[in-house]
Structures are given as C-alpha cells and as structure tokens.
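All remarks here apply to the structure that follows.
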Amino acid sequence: MVMQARHLIRPVTEKDRQVISSLVKREAFVHQHLDWRSPLDWIGYKPYLLLEPVPVGPASFSTSTHPLAALACPQDPPGIAWIRVFAVSPQINESETWQMLWQVAQVQLTEGGFTGIVAAIPLFDWFRETLDKSEFCHTHDVVMLSWVSTNIPAWRDAPSIRIRYMDFNDLTAVQSVDNAAFPTLWHYSRGTLELALQNAILATVAEQDDQVIGYQISTATHIAGGHLARLAVLPEYQSLGIGYILVRDVLVQLTQRGFSELTVNTQHNNLASLALYDKIGFRRTRESYPVYEWTNK
C-alpha cells in the first residue's frame, strides 16, 4: 500500500472484482491488451494496482467503490510483462496517473526479480501520448492484413507434410514451435496457448514424421470473417512452404463454412511473414498500431 498525497495505491484483490469491472466499463480512458483474458482474469497476479482517493474518516481501504485508476502488468510468460489493463477516470489526469501507478509497478516487478521487457500496444491516441512522455520507447509497429474471398491460392504438393486438427495433447510441442519461431517478446505461455485453443474456430498442426513442425490458431471476428491469431513454423522448416500450406488450408476450410474474410497481424519489419501473406493474397489495410517497450536488465 502506497500513500501519495491525496491518493492511495494498493494491490487489487478478489474483493475488487465489481470495482474493476465497473471501472473498465464506465471510464472513457481504458486500455486493454488484446488477448484471450479479461481484466478480471488478472486478479491475483502482480503487479495489479488500484488508485483511490485517500479515505476521509474510518473508511475501509478494501471496500472503496470509487477508484480512480487501475494498472495491471504481470509477467506472462516469465520475462515479458504486457500492459494488460490501464483504466483512468476523467476526474484525474491520465499522464500523471500513469506515472504514479507505473512507479509502483516498477518497484514490484524489480522486487519480484523481474528482468525482461514490459510492453504495450496502445490502440488509442491518449495512451500513445502518455507512453511517449514516459520511459517507454516506440520500437516497431503491428500492421493488419486482410484476405477477402476471391480465389483460393494454388495448391502446393507436400506429400511428407500432414495437416490435422490440434488438440490439447499437442500443446507441449506447439509451445516449443512457438517459442522457437518468435522473438522473446512475442512468446506465448502454456496458459495462453490453452486459452487460444479453447477460443479457436480452427486450430491445426503441420506434422512431418510424427513431429509437429508448425501450427496455426484462428478465431472468429464479429462480422462474417476469421482472424489468423497465430501462425508459427520451426525455424529449420521455414521457407519450405509449411506456412503457406497451413494458411491455405485455413482459407479452404473457413470459406467452406461461409466466412468471407480472413485477417492477420504481423510486425511491419517481419519481411518473411509479409512476403508469405502477400503470396497468398493478403493485402495491407490502414490499421497499424505501435509497440512500446521498457527493458529492465
């Protein structure tokens, strides 16, 4: 618990579920990391902080119903801490609030032995401007691409490759592929992969000689479209067409189900991914989001 002038910063607890839910729903300034977890799912992880007015009189610190802000940035996987939640009431300046909460979060991360990267993908200008004023650096961008049903890309024969549906028994192998294929910042934990599979409309693996060498997980969008949420191939099998085969199979299956569009995100400097998606028929949209990073070594 930290007292700062007129404000109190304390850890979020299980008793704060309604408080966090209300804060996220009602405030104009809310950042949520786009993944399979809600702000409530991070309760119990650290750092997850609540900013409140200093109580006047005998009010209980644990039962406040008027929080001003919340910040969550726990590690997942170890060494990587995304800004999962940052919600701020219009009653208080968002930049000043960020500095108060982030200073306490830094201390908690450091005391917990954290060494690694804290990152954020701000979807709104107000949070982008807040990060620009802080210790975070804009390192690269995430871009959106879209494939709209016209022509399915040409079939590529790969007799030694088997594409099959993924199940939970594959997750150990899938995590190995994932962690080998992506830079550390973009690694998925086992828990994240489990949630991704639970929420998938289509999840498949590519096998060679009974070894999982690649995988994809796709989800549904609000309109009649799908989203290629994850695609990974072991580095030693990249440039052999495995990614092409996996994505083409997704397009075939989702088109048969009536889906008319497939979107995907990738980093603007991931030239291999951009080349693959261009070959399959994806086109860049106007959507682009910055990635900000802070490193503690």
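Brief remarks on what is shown
- When the stretch 194-206 is limited to residues that are small (Gly, Ala, Ser) and assigned to a strand (DSSP E or B), the one that is nearest to residue 260 (Cα to Cα) turns out to be 203.
- Residue selected from the stretch 2-46 under the condition within 28 Å of residue 219 (Cα to Cα) and of a type in the set (Gly, Ala, Ser), by the criterion nearest to the chain's Cα centre (by Cα): 38
- Qualifying residue in the stretch 159-166 (condition: surrounded by 20 or more Cβ atoms within 10 Å (Cβ to Cβ) and in contact with a strand residue (DSSP E or B) (Cβ under 7 Å, 6 or more places away or on another chain)): yes
- Selected residue [surrounded by fewer than 20 Cβ atoms within 10 Å (Cβ to Cβ), of a type in the set (Phe, Trp, Tyr) and in contact with a strand residue (DSSP E or B) (Cβ under 6 Å, 6 or more places away or on another chain)] from 215, 244, 289: 289
- Single residue of the stretch 171-193 satisfying the filter (of a type in the set (Ser, Thr, Tyr) and outside any helix (DSSP H, G or I)) that is surrounded by the most Cβ atoms within 10 Å (Cβ to Cβ): 188
Laboratory data are not the source of any read-out in this text; all were calculated from the coordinates shown. Quick caveat, the model's predicted, so the values are computed rather than measured. Note: ideal-geometry Cβ built from the backbone for every residue, glycine included; neighbour counts use all protein chains shown.
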